[in-house]
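Report on one structure; see the data block that follows.
The values are calculated or read from the model by the stated rules, or taken from the named source; none is laboratory data. The model shown is predicted, which means the values in this text are computed figures rather than measured ones. Here Cβ is always computed from backbone atoms with ideal geometry, including for glycine, and neighbour counts include all displayed protein chains.
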Amino acid sequence: MALIKSISGIRGTIGGTAGSNLTPQDVVECTAAFGYWLLQEGAAPRVVLGRDGRISGEIVSALVTQTLVSLGFEVIDLDYSTTPTVEIAVPKEQAGAGIIITASHNPKEWNALKFLNHKGEFISKKDGENLLALLDSGAIQYEKVDHLGKHIRKEGYIQKHIDILLEMPMVDVESVKSQGFKIVVDCINSTGSISVPPLLEALGCEVVLVNGVLNGQFAHNPEPLPKNLQDLAAKVVAEKADLGIAVDPDVDRLAFVNEDGSMFGEEYTLVAVADYILSQKKGNTVSNLSSTRALRDVTQKHGGTYFASAVGEVNVVEMMKAQDAVIGGEGNGGIIVPDLHYGRDALAGIALFLTHLAKFGRPMTALRATYPVYKMVKDKIALTPAIDVDALIVALHEKYENEDCNTIDGLKIDFAQGWVHLRKSNTEPIIRVYAEHDSFENAKALVDQMKSDVDHILK
């Protein structure tokens, strides 16, 4: 059981004791701190609220709603929704903030509150730190009875989201319709089941659903990784479908399966969408340091410049704005299209990818073959209180000072034929070690090399 309070929100496991799990007390305390902080900042007293399909979502939503009402807020409740839909709704409702009740790719026993600012973007690191300080202070005042807020339910925002996507200039609805794609979709029994099918149907696709009942009973580990998508892959082959689509419970991560049941590769979701967007609109791209080098290659092919940010959506967005990027995201299947909004959006990724595939005019496997072949290995090093991570990173940097090194988030070393990234985890007592090369064997060799270097430094 766990409870994690961070600069981006609070998440934990349902049940157990307060202060160690995500209990009603913890939900109320964190919601109250966020609401009171908003009022102190002069934000509009209106918050957009949405939730994924988790079993605990209704309880958490009720606690969040009534806490905000007690602070004098008007709560615009979208109920079942997606993370990107809530992000779009916040500025449209002229709200001061948004709260998404979702633990993203975590298993069903988890839930979380993710906090958005008035732009519908995740709050900054500084704002998160101020919020945590207020939470610890306990200095929160509620409204008297004549000044309580109100709860308003609003329906139809997912359809509004879809309508906006279909009107985007780079989404060619007629081209997609002309292909008549047959697509198998794994909705993981969450809000993908009420958002992905209507989008695909509007694009003229035949839809076959897997895990399409919105009940929060995740049929498998909800992270859209290859090991969790084997049933989807088998269904794609059995149905003789053109492709498969997998989303996570809050529909901000996106992965594709090829027509032969092989994986397109979660890292290559962003690469393919960027390839299409850059063919239509010249510009720069951004992903985090732990994402595939293929995005850099594709960006340079189109005459743009690639930039790497620290890990975390907030950091990617900050870099995208600074470099005026036309597309960005993360290698976990997160697509950020600034013409739409600054947040990961699987629905936008689907519409743009299908346009790309339709214009390409050949099967998924043929499209995947047009991109560089890189393989990634993800490993970790256990931390003990005796290990000084900062000193360790400095020592490794000195050892590889003649290579292309980046220290904005741990240490990333770019070699001529591959890279390795070491960074301290924000949620676990480990150092994450990611490496990419032209084969799994070579990537693993890089990881093993770094782990050996670490052992030598620590001796």
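Conditions: (1) within 21 Å of the chain's Cα centre (by Cα); (2) within 27 Å of residue 217 (Cα to Cα); (3) not in a loop (DSSP other than H, G, I, E, B). Residue 103 meets all but one. Number of the miss?
So the condition that residue 103 fails would be (3).
Just to be sure before I move on: is residue 241 assigned to a loop (DSSP other than H, G, I, E, B) and either of a type outside the set (Lys, Arg) or within 15 Å of the chain's Cα centre (by Cα) (or both) in the structure I sent?
Yes; evaluated as a whole, the condition is true for this residue.
Looking at the structure I just gave you, is residue 227 basic (Lys, Arg), out of contact with any His (no Cβ under 7 Å at 6 or more places or on another chain) and surrounded by fewer than 19 Cβ atoms within 10 Å (Cβ to Cβ)?
Criteria met by residue 227.
Residues of the stretch 404-459 being surrounded by 20 or more Cβ atoms within 10 Å (Cβ to Cβ) and among the aromatic types (Phe, Trp, Tyr), which ones?
Result: 419, 434.
Identify, please: which residue in the stretch 163-220 is free of Cβ contacts under 8 Å to residues at least 40 places away in the same chain and of a type in the set (Gly, Ala, Ser) and is, among those, surrounded by the fewest Cβ atoms within 10 Å (Cβ to Cβ)?
The selected residue is 180.
Can you say whether residue 262 is in contact with a Lys or Arg (Cβ under 9 Å, 6 or more places away or on another chain) and more than 27 Å from residue 166 (Cβ to Cβ), as far as the supplied structure shows?
Yes, satisfied.
Evaluate the stretch 81-90: report whether one residue or more is over 13 Å from residue 117 (Cα atoms), modelled with pLDDT of 95 or more and surrounded by fewer than 19 Cβ atoms within 10 Å (Cβ to Cβ).
no
Would you check which residues across the stretch 362-391 are within 17 Å of residue 181 (Cα to Cα) and free of Cβ contacts under 8 Å to residues at least 12 places away in the same chain and list them?
Passing the criteria: 362, 366.
Exactly one condition in (1) in the same structural domain as residue 440 (by TED's automatic domain parsing); (2) acidic (Asp, Glu); (3) crowded, with 21+ Cβ neighbours inside 10 Å is false for residue 388; which is it?
If we test residue 388 against (1) in the same structural domain as residue 440 (by TED's automatic domain parsing); (2) acidic (Asp, Glu); (3) crowded, with 21+ Cβ neighbours inside 10 Å, just (3) comes out false.
Matching residues to (1) of a type in the set (A, V, I, L, M); (2) farther than 21 Å from residue 343 by Cβ; (3) not assigned by TED's automatic domain parsing to the domain that holds residue 280:
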{"position": "172", "(1), (2), (3)": "no, yes, no"}
{"position": "184", "(1), (2), (3)": "yes, yes, no"}
{"position": "187", "(1), (2), (3)": "no, no, no"}
{"position": "194", "(1), (2), (3)": "yes, no, no"}
{"position": "203", "(1), (2), (3)": "yes, yes, no"}
{"position": "208", "(1), (2), (3)": "yes, yes, no"}
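In the stretch 7-58, which residue that is outside any loop (DSSP other than H, G, I, E, B) and of a type in the set (Ser, Thr, Tyr) is nearest to residue 196 (Cα to Cα)? It would help to see each step written out before you state the result.
First pass over the stretch 7-58, keeping only residues outside any loop (DSSP other than H, G, I, E, B): 9-14, 18, 21-22, 24-40, 46-51, 57-58.
Still in the list and also of a type in the set (Ser, Thr, Tyr): 13, 31, 36.
Details: 13: 27, 31: 30, 36: 35 Å.
Filtering first and then ranking leaves 13.
Restricting to the stretch 279-313, name every residue that is surrounded by fewer than 20 Cβ atoms within 10 Å (Cβ to Cβ) and assigned to a helix (DSSP H, G or I).
The answer is 279, 280, 297, 300, 301.
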